[in-house]
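Just so you know, all these numbers are worked out from the coordinates, no wet-lab data involved. These numbers were taken from a predicted model, which means no experiment stands behind them. No Cβ is skipped: glycine too gets one built from the backbone with ideal geometry, and neighbour counts run over all protein chains shown.
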Amino acid sequence: MKLFECLACGQPLYFENTACESCGRRLGFLPDSGVLSALEPVQRVDGVEAWLALAAPERQYRFCRNVAYDACNWLVPAEVDGASVDPEPYCLACAHNRTVPDLSVPENTTNWRRIESAKHRLFHGLLRLDLPHETRDEDTEEGLAFDFLADPPDPSAPRIVTGHDNGLITISLIEADDAARERIRVQMHEPYRTLLGHFRHEIGHYYWERLVRRTGDNSETMATFRNLFGDERQDYGEALKKHYDAGPAVGWQEGYVSAYAAVHPWEDFAETWAHYMHIVDTLETAGAFGLRVKPRISRGEELGARIDFDPYHADAVEQLIEAFLPVTFAVNSLNRSMGQQDFYPFVLSPAAISKLDFIHQLCRRAREGRPEARQGAQHETAPLQQASQPQIETVAEDDVTEQTAALLTVASQLALNPVS
Ligand SMILES: [Zn+2]
Ligand SMILES: [Zn+2]
Ligand SMILES: [Zn+2]
């Protein structure tokens, strides 16, 4: 995440701020330019409440309808092609909400706001990665939509399950309750469980459908996916049951970003996707703060990093990893100074980095709008189609740079001493 400042008075701001604490101006986020802008009210003869954004003064804006619930701070243009927009418009992020919980229950409103806060960070990442995100109205078959649902009051009724189904992402409201979520995290033996993590995981399932499955069963993309993550045609229900009955396979750390990733290739992809989004966002934030890491120990050079590139447009996955691991070493240490759990309680392996590289290249290809392999194209018989679809080259396990390999070794040794 970038670091924002009030364009009227220079006060530093967080992405979630709705007013400047220094000069009192209203603030709104402009998704097109990715800027949180100070605003000036506009007196309009038609009585419509509109604003001038100091960052984009050439047009007027309105707030998203969810601003009324303190659940959003994003702006929409007041007019598009000279015509007024919906008098109660939704912003780019909130237009994807299909169901929100019953807001007459006060605790639902509090939990929904937390969900919205994570969802807006998710969308910020999707916009930075330039990924497609059509709504259900724009793509009735496979558009993206969210249901945020509270468990039914009857304790014997089935609970809401967080998950993804053909573009529809369901998030159980209970995940916004810190005590409940922490209880689930401990029960499931997870080192990390957050709302933002849920969003980034579930959207990973969505982009598997869009960027991998849609290329067709015989595409190069699919072949590379199966080579790295395994064959997703294996029975999902059985795989999940096996995981819950017998626990994760011994040695999962060698091949997966998390134990849950070892359940099934779909979960592996979604977990790895979430880590990719964690990594680029963390690095952007670290870069915005001008963070340099150079530990004052004899191996300080080797374990250091400088973030002088845009992580959302990195050249290669190794550029990300070589910056990210030193940052995690530093921030894990900072967290321990505060008696907190590790900030990044995971260990990356060369195999996991190959998978991150696959996702890095999928995102890059989606951004560059390069064609997907045709549905049903045969490898052997369609050399021309192959030529039009550049192959995804992945980092072979024994092929990571010396610098990455050295960092991975140190990171895995440090992880042998988790904070208890
Ligand atoms: Zn200000
Ligand atoms: Zn909104
Ligand atoms: Zn999943």
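Working out 0.36 nm times the residue gap between N227 and R98, then minus their Cα-Cα distance, what length gain in nm do you get to one decimal?
Contour length minus Cα-Cα distance gives 42.8 nm.
Please provide three numbers in whole Å: the alpha-carbon extents of region 1-98 along the principal axes, with the largest listed first.
Taking the Cα atoms of region 1-98, the three principal extents are 34, 33, 23 Å.
Normalising by the residue count of the chain, find the relative contact order in percent from Cα pairs under 8 Å and 6+ residues apart.
Worked out over the chain, it gives 12 percent.
Give the angle, between 0 and 90 degrees and rounded to the nearest 10, that separates the Cα long axis of helix 106-129 from the longest principal axis of the Cα atoms of the chain.
70 degrees
How many nm separate the modelled label positions at V105 and K242, each set 7 Å beyond the Cα in the direction of the Cβ?
3.8 nm
What is the distance, in nm, between label points placed 7 Å from the Cα along the Cα-to-Cβ direction at N166 and at R44?
Taking the two extended label points, one gets 3.9 nm.
Taking the Cα centre of region 52-128 as origin, work out the dipole magnitude from +1 charges on Lys and Arg Cβ and -1 charges on Asp and Glu Cβ, in debye rounded to 20.
For region 52-128, the charge dipole is close to 340 debye.
Go through T272, F289, L416 and say which Cα lies farthest out towards the positive end of the charge dipole of the chain; charges sit on Cβ, +1 for Lys and Arg, -1 for Asp and Glu.
F289
What lysines sit close enough to K355 to cross-link, taking a C-alpha to C-alpha distance under 26 Å and skipping anything fewer than 8 places away on the same chain?
K119, K241, K242
Working from Cα positions, state the angle (0 to 90°, nearest 10) between the long axis of helix 350-368 and the longest principal axis of the chain.
Roughly 40 degrees, rounded to the nearest 10.
Would you compute, from DSSP H runs of 4+ residues alone, the mean residue ellipticity of the chain at 222 nm, taking -39500 (n - 2.57) per run and dividing by the full residue count, rounded to the nearest 500?
When only DSSP H runs of four or more count, the value is -12000 deg cm²/dmol.
Give the separation of the Cα centroids, region 187-240 to region 69-140, in Å.
Centre-to-centre distance over Cα atoms comes out at 25 Å.
Helix 402-414 versus the longest principal axis of the chain: what angle, 0 to 90°, nearest 10, using Cα atoms?
Helix 402-414 sits roughly 80 degrees off the main axis of the chain.
Of A286, A78, A68, which is the most mobile in a GNM of the chain whose springs link Cα atoms less than 10 angstrom apart?
A68
Semi-axes of the equivalent ellipsoid of the chain: what are they in whole Å, largest first, if each equals the square root of 5 times a C-alpha gyration tensor eigenvalue?
Result for the chain: semi-axes of 35, 27, 25 Å.
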